[in-house]
(Lines give C-alpha, C1' and ligand atoms only; values in the text may rest on other atoms or scores of the structure.)
Protein backbone atom coordinates (compact mmCIF):
# COMPACT_ATOMS: atom_id res chain seq x y z
CA UNK A 1 0.00 0.00 0.00
CA UNK A 2 1.16 3.55 -0.67
CA UNK A 3 -0.28 7.07 -0.81
CA UNK A 4 -2.14 7.87 -4.04
CA UNK A 5 -3.64 10.99 -5.55
CA UNK A 6 -7.43 11.19 -5.57
CA UNK A 7 -9.02 9.20 -8.37
CA UNK A 8 -12.06 11.37 -9.07
CA UNK A 9 -12.02 14.96 -7.81
CA UNK A 10 -15.77 15.64 -8.09
CA UNK A 11 -16.89 12.55 -6.13
CA UNK A 12 -17.72 12.79 -2.41
CA UNK A 13 -15.66 9.61 -1.97
CA UNK A 14 -12.64 10.50 -4.06
CA UNK A 15 -10.78 7.17 -4.05
CA UNK A 16 -7.49 8.48 -2.68
CA UNK A 17 -6.13 5.03 -1.71
CA UNK A 18 -6.35 1.39 -2.66
CA UNK A 19 -9.28 -0.19 -0.83
CA UNK A 20 -9.91 -3.84 0.15
CA UNK A 21 -12.01 -5.93 -2.18
CA UNK A 22 -15.69 -5.82 -1.30
CA UNK A 23 -18.84 -7.30 -2.78
CA UNK A 24 -20.95 -4.36 -1.63
CA UNK A 25 -21.01 -0.71 -2.63
CA UNK A 26 -19.27 1.29 0.11
CA UNK A 27 -21.39 3.89 1.85
CA UNK A 28 -18.35 5.66 3.40
CA UNK A 29 -14.65 6.27 2.88
CA UNK A 30 -13.18 7.12 6.27
CA UNK A 31 -15.57 9.71 7.73
CA UNK A 32 -17.02 10.79 4.38
CA UNK A 33 -20.48 9.59 3.29
CA UNK A 34 -20.33 8.54 -0.35
CA UNK A 35 -23.96 9.21 -1.25
CA UNK A 36 -25.72 8.35 -4.49
CA UNK A 37 -23.71 10.21 -7.10
CA UNK A 38 -20.20 10.03 -8.50
CA UNK A 39 -18.19 7.28 -6.88
CA UNK A 40 -14.60 6.03 -6.75
CA UNK A 41 -13.36 3.20 -4.53
CA UNK A 42 -10.32 1.66 -6.27
CA UNK A 43 -9.81 -2.04 -5.50
CA UNK A 44 -6.54 -3.24 -7.11
CA UNK A 45 -6.19 -6.20 -9.47
CA UNK A 46 -2.76 -6.83 -10.97
CA UNK A 47 -3.93 -7.34 -14.54
CA UNK A 48 -0.81 -6.94 -16.69
CA UNK A 49 2.96 -7.35 -16.31
CA UNK A 50 5.44 -6.38 -19.03
CA UNK A 51 9.24 -6.72 -18.83
CA UNK A 52 11.02 -3.62 -20.14
CA UNK A 53 14.37 -3.82 -21.96
CA UNK A 54 16.30 -2.90 -18.78
CA UNK A 55 14.68 -5.75 -16.81
CA UNK A 56 12.29 -3.51 -14.90
CA UNK A 57 8.66 -4.56 -14.64
CA UNK A 58 5.80 -2.42 -15.92
CA UNK A 59 2.71 -3.22 -13.84
CA UNK A 60 -0.87 -2.56 -14.86
CA UNK A 61 -3.39 -2.41 -12.01
CA UNK A 62 -7.06 -2.47 -12.89
CA UNK A 63 -9.86 -1.27 -10.61
CA UNK A 64 -12.14 -4.14 -9.61
CA UNK A 65 -14.72 -1.75 -8.12
CA UNK A 66 -15.37 0.06 -11.40
CA UNK A 67 -15.59 -3.26 -13.28
CA UNK A 68 -17.93 -4.72 -10.69
CA UNK A 69 -20.30 -1.80 -10.09
CA UNK A 70 -21.11 -0.60 -13.58
CA UNK A 71 -22.95 2.56 -14.54
CA UNK A 72 -26.30 3.42 -12.97
CA UNK A 73 -26.37 1.13 -9.91
CA UNK A 74 -28.01 2.20 -6.66
CA UNK A 75 -25.91 2.19 -3.46
CA UNK A 76 -29.06 1.99 -1.34
CA UNK A 77 -32.65 1.17 -2.22
CA UNK A 78 -34.45 4.27 -3.44
CA UNK A 79 -31.21 6.22 -3.77
CA UNK A 80 -29.84 7.95 -6.83
CA UNK A 81 -27.81 6.29 -9.54
CA UNK A 82 -24.05 5.92 -9.11
CA UNK A 83 -21.52 7.05 -11.70
CA UNK A 84 -18.36 5.09 -10.84
CA UNK A 85 -14.93 6.22 -11.96
CA UNK A 86 -12.13 3.72 -12.51
CA UNK A 87 -8.95 4.28 -10.53
CA UNK A 88 -6.28 2.03 -11.96
CA UNK A 89 -2.53 2.50 -12.00
CA UNK A 90 0.43 2.02 -14.26
CA UNK A 91 3.53 1.42 -12.16
CA UNK A 92 7.14 0.36 -12.51
CA UNK A 93 9.13 -2.02 -10.30
CA UNK A 94 12.92 -2.07 -10.41
CA UNK A 95 15.37 -4.49 -8.81
CA UNK A 96 17.12 -3.21 -5.68
CA UNK A 97 20.68 -4.11 -4.63
CA UNK A 98 19.52 -7.56 -3.47
CA UNK A 99 17.61 -8.30 -6.69
CA UNK A 100 14.15 -7.84 -5.14
CA UNK A 101 11.72 -5.75 -7.17
CA UNK A 102 10.51 -2.54 -5.49
CA UNK A 103 7.68 -0.47 -6.93
CA UNK A 104 8.39 3.18 -7.70
CA UNK A 105 5.63 4.18 -5.24
CA UNK A 106 7.59 2.42 -2.48
CA UNK A 107 10.75 4.36 -3.37
CA UNK A 108 12.06 2.01 -6.03
CA UNK A 109 13.26 3.00 -9.51
CA UNK A 110 15.13 6.06 -8.21
CA UNK A 111 12.10 7.69 -6.58
CA UNK A 112 12.75 9.37 -3.24
CA UNK A 113 9.18 10.15 -2.15
CA UNK A 114 6.86 7.37 -1.02
CA UNK A 115 3.74 7.38 -3.16
CA UNK A 116 5.38 9.18 -6.07
CA UNK A 117 4.31 7.35 -9.19
CA UNK A 118 6.71 6.72 -12.06
CA UNK A 119 4.31 7.52 -14.89
CA UNK A 120 2.06 10.50 -15.63
CA UNK A 121 -1.46 9.12 -15.18
CA UNK A 122 -3.59 12.26 -15.14
CA UNK A 123 -5.73 12.75 -18.24
CA UNK A 124 -8.24 15.44 -17.17
CA UNK A 125 -8.72 17.72 -14.19
CA UNK A 126 -11.13 15.13 -12.82
CA UNK A 127 -9.37 11.76 -13.24
CA UNK A 128 -5.88 11.42 -11.75
CA UNK A 129 -5.46 7.62 -11.83
CA UNK A 130 -6.54 7.20 -15.42
CA UNK A 131 -4.23 4.44 -16.76
CA UNK A 132 -4.87 0.75 -16.12
CA UNK A 133 -3.59 -2.56 -17.52
CA UNK A 134 -3.87 -3.44 -21.19
CA UNK A 135 -0.19 -2.48 -21.63
CA UNK A 136 1.51 -2.60 -25.02
CA UNK A 137 5.26 -2.05 -25.30
CA UNK A 138 7.33 -1.74 -28.45
CA UNK A 139 10.95 -2.00 -27.40
CA UNK A 140 12.00 0.63 -29.98
CA UNK A 141 9.41 3.25 -28.99
CA UNK A 142 9.79 5.85 -26.23
CA UNK A 143 6.17 5.49 -25.05
CA UNK A 144 3.96 2.80 -23.54
CA UNK A 145 0.36 2.28 -24.63
CA UNK A 146 -2.19 1.55 -21.91
CA UNK A 147 -5.95 1.34 -21.67
CA UNK A 148 -7.30 4.44 -19.96
CA UNK A 149 -10.27 6.49 -18.90
CA UNK A 150 -10.43 9.90 -20.62
CA UNK A 151 -7.33 9.17 -22.76
CA UNK A 152 -7.55 12.37 -24.82
CA UNK A 153 -8.78 14.69 -22.07
CA UNK A 154 -12.51 14.37 -22.78
CA UNK A 155 -14.42 13.16 -19.73
CA UNK A 156 -16.42 9.92 -19.74
CA UNK A 157 -14.46 8.36 -22.59
CA UNK A 158 -12.23 5.32 -22.78
CA UNK A 159 -9.49 4.10 -25.08
CA UNK A 160 -5.71 4.07 -25.39
CA UNK A 161 -3.34 6.55 -23.76
CA UNK A 162 0.42 6.86 -24.13
CA UNK A 163 2.95 7.74 -21.46
CA UNK A 164 6.72 8.09 -21.63
CA UNK A 165 8.66 4.92 -20.80
CA UNK A 166 11.26 6.89 -18.82
CA UNK A 167 8.62 8.46 -16.56
CA UNK A 168 9.20 12.02 -17.79
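The values are calculated or read from the model by the stated rules, or taken from the named source; none is laboratory data. All values derive from a computational prediction rather than experimental measurement. Cβ placement follows ideal geometry from the backbone for every residue including glycine, while neighbour counts extend to all protein chains displayed.
Below are the figures for this structure:
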{"item": "Selection from the stretch 69-81 of residues that are surrounded by fewer than 15 Cβ atoms within 10 Å (Cβ to Cβ) and in contact (Cβ under 8 Å) with a residue 24 or more places away in the chain", "result": "74, 76, 79, 80, 81"}
{"item": "Residue match in the stretch 82-105 (condition: surrounded by 15 or more Cβ atoms within 10 Å (Cβ to Cβ), part of a helix (DSSP H, G or I) and either at pLDDT 85 or above or under 19 Å from the mean Cα position of the chain (by Cα) (or both))", "result": "yes"}
{"item": "Residue count, the stretch 27-39 (criterion: outside any strand (DSSP E or B) and touching a residue at least 40 places away in the same chain (Cβ under 8 Å))", "result": "5"}
{"item": "Residue that is farthest from residue 64 (Cα to Cα), among those in the stretch 123-161 that are free of Cβ contacts under 8 Å to residues at least 12 places away in the same chain and part of a loop (DSSP other than H, G, I, E, B)", "result": "140"}
{"item": "Boolean, residue 12 is farther than 24 Å from residue 145 by Cα, surrounded by 15 or more Cβ atoms within 10 Å (Cβ to Cβ) and more than 11 Å from the chain's Cα centre (by Cα)", "result": "yes"}
{"item": "Pair list, Cβ under 8 Å, 6 or more apart: the stretch 11-26 residue at negative phi and touching a residue at least 60 places away in the same chain (Cβ under 8 Å), other residue crowded, with 19+ Cβ neighbours inside 10 Å and in a loop (DSSP other than H, G, I, E, B)", "result": "11/34; 11/40; 11/85"}
{"item": "Unmet criterion (only one of (1) more than 18 Å from residue 18 (Cα to Cα); (2) at pLDDT below 90) for residue 122", "result": "(1)"}
{"item": "Test: residue 108 is under 17 Å from residue 165 (Cα atoms), touching a helix residue (DSSP H, G or I) at 6+ places or on another chain (Cβ under 7 Å) and not in a strand (DSSP E or B)", "result": "no"}
{"item": "Residues located in the stretch 113-122, provided they are farther than 18 Å from residue 66 by Cα and either touching a strand residue (DSSP E or B) at 6+ places or on another chain (Cβ under 8 Å) or surrounded by 12 or more Cβ atoms within 10 Å (Cβ to Cβ) (or both)", "result": "115, 116, 117, 118, 119, 120"}
